[in-house]
Amino acid sequence: MTTATRGIWGVLWGIVLVGQVVVAALAGADTLVSDTTEAGNQPVEIHLETYVESTRVPLNREVRFHVRLSWIGPMGRFQIDPITQPHLTNLVLQGSGSSNKLEPLGNGKFRAIKTLTYLFRPLELGMAYIDPMEIHYRDRMSGQEHHLQSQRVAVEIIEPVAPGGGGVRARIYVVLLAIFFLTIAYFLWRFIRLRSHRQQETPALAPPSEEYLKKIAQEIDPKASNLGPMSVKLSQLFREFLSREFSIPAREASSSEIVQSLGARRLPAEEISRVEEILTTMDRIKFAGVQPGPVEFSQLYQAVETFIEHRQQLWQSQQSKTEEV
């Protein structure tokens, strides 16, 4: 091979290497195009999943549709706008619900999961559709706003199933009942045995944050029309939580006395400021004697929920450290 030939092959090989570098750079750029935000040097990505439990549903059964948002970090990291009901074809809304969950990942990290569940009733045989949903949210740390969009979901509505069961179903029920009674018998025997030996186990107490997150979700409706009484109830629950969480007389004390009590317990200034802001808003609504608007009440509800979720995360972090020790 001559010197000129070797030179040509060297140039071609250099072009190939440059092309590979360019393709890798473009691929890396595509990978970074996603719904992510950054807090310092820590990227936080929020995932959206929408799915039905079954793509073939009998006419006399319900279609269960789930919307799942998840990210690694605290539950209050993102402010998610209210999610409206999707446009439906051949379906009608029967009910809905939501749940929040913190999934431990180790090393003091958690995965926050928000799930919404819709129950739809089919109208007739054939195809049914759930149109795409667009979800808007804001990163509370960076202030940036983003949105996510789901895909259209199709469900086939098939012939209704018989309400009664056959022999196979009856046998299944018999087996399940047998297991149920055997389980009861086992635990009854175990209870008597433990009692006879005077062995007692102290159950792990749930934190006040877990109890009051459930109470707020069950007793307060941010979309209710009677927001005046709802504001009074929300204030009552929040004061009860402060009383339980920090062992202070928050139910009878004024807002300024509560803030002073929290300062005496060396609570971080940021948390004291958040409590003071919530109590100030509640006092203004109470003493003004007028019903708050939907936007104002929604912001107050979210501020209370976020603060209690933050306290729950602190408790869970302490529990993880205790278990490691």
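Among the residues of the range 87-108, just one is in a loop (DSSP other than H, G, I, E, B), within 30 Å of Gln318 (Cα to Cα) and touching a residue at least 60 places away in the same chain (Cβ under 8 Å), namely Gly108.
Annotation note: of Ile248, Ile272, the sole residue that is under 27 Å from Lys109 (Cβ atoms) and aliphatic (A, V, I, L, M) is Ile272. With the condition kept exactly as written, say whether any residue in the range 222-229 is in a helix (DSSP H, G or I) and surrounded by 12 or more Cβ atoms within 10 Å (Cβ to Cβ). Yes. Being assigned by TED's automatic domain parsing to the domain that holds Gln312, within 24 Å of the chain's Cα centre (by Cα) and among the hydrophobic types (A, V, I, L, M, F, W, C) is the requirement here; does Ala224 meet it? The answer is yes for Ala224. Can you confirm whether Pro74 is in a loop (DSSP other than H, G, I, E, B) and either within 15 Å of the chain's Cα centre (by Cα) or not assigned by TED's automatic domain parsing to the domain that holds Gln144 (or both)? The answer is yes for Pro74. Looking at the range 251-325, none of the helices (runs of 4 or more DSSP H) lying wholly inside it contains 3 or more residues that are crowded, with 16+ Cβ neighbours inside 10 Å and in contact with a His (Cβ under 6 Å, 6 or more places away or on another chain).
Ser243: of a type outside the set (D, E, K, R) and farther than 25 Å from Asn100 by Cβ, yes or no? Criteria not met by Ser243.
Among residues that are over 23 Å from Glu53 (Cβ atoms), out of contact with any Pro (no Cβ under 8 Å at 6 or more places or on another chain) and not assigned by TED's automatic domain parsing to the domain that holds Gly76, Leu105 is not included.
Looking at the structure I just gave you, is Glu124 under 30 Å from Gln313 (Cα atoms), in the same structural domain as Val52 (by TED's automatic domain parsing), of a type in the set (Asp, Glu) and exposed (fewer than 14 other Cβ atoms within 10 Å of the Cβ)?
Considered against the rule, which asks whether it is under 30 Å from Gln313 (Cα atoms), in the same structural domain as Val52 (by TED's automatic domain parsing), of a type in the set (Asp, Glu) and exposed (fewer than 14 other Cβ atoms within 10 Å of the Cβ), Glu124 comes out as no.
The rows are residues; the columns are (1) hydrophobic (A, V, I, L, M, F, W, C); (2) over 20 Å from Ser209 (Cα atoms).
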residue: Ser256; (1), (2): no, yes
residue: Leu267; (1), (2): yes, no
residue: Ile285; (1), (2): yes, yes
residue: Pro294; (1), (2): no, yes
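The values are calculated or read from the model by the stated rules, or taken from the named source; none is laboratory data. Everything numeric here is computed off the predicted structure, so don't read it as measured data. As a convention, Cβ positions derive from the backbone with ideal geometry for all residues, glycine included, and neighbour counts pool all protein chains shown.
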